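Below you'll find the structure, written out as structure tokens, and then a few comments.
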Amino acid sequence: QSLPPQNKLLPFLKKDVSVSLAERGLASLYTGGGREYDGNKDVLEKKIKTAKQKKLGIWSSGDFSDPAQYKRDMKAKNGD
């Protein structure tokens, strides 16, 4: 199986994967040290908020803990 010509892949390659994941409810926003948003923080926050409201992906069950919250919970549980 051959790959499509490069010009057909170009629109896909230009799309920001993090925004696509956020739109589908498949991402949370990391706000800890070393974060980089590539100028997309506002867009990502909006997409994640919409996904939460629509209960998409990881937001569908209502009991998702983002990684930072999970870390805090584990520290509290273990007395760290």
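The values are calculated or read from the model by the stated rules, or taken from the named source; none is laboratory data. Note that the structure is predicted; figures quoted are calculated from it, not measured. Counting neighbours? That spans all protein chains shown, and the Cβs are built from the backbone with ideal geometry, glycine included. Heavy atoms of the whole protein, side chains included, go into the accessibility calculation; ligands, DNA and RNA do not. Shrake-Rupley method; radii C 1.70, N 1.55, O 1.52, S 1.80 Å.
Per residue, how much accessible area does region 34-78 have with a 1.4 Å probe, in Å²? List each step's numbers first, then the result.
Details: 3760 Å² over 45 residues.
Result: 84 Å² of accessible area for each residue.
Averaging sequence separations of C-alpha pairs under 8 Å and six or more residues apart, then dividing by the length of region 26-80, give the relative contact order as a whole percent.
Rounded, it is 37 percent for region 26-80.
Each residue was assigned an accessible area with a 1.4 Å probe, and for THR31 the value is about 90 Å².
Calculate what fraction, in whole %, of the accessible area of region 24-65 sits on carbon and sulfur atoms when a 1.4 Å probe is rolled over the protein chains.
With neighbouring chains kept in place, the figure for region 24-65 is 46 percent.
Of the trypsin sites (Lys or Arg not before Pro) in region 39-69, the ones in a loop by DSSP (not H, G, I, E or B) with at most 16 other beta carbons within 10 Å are LYS55.
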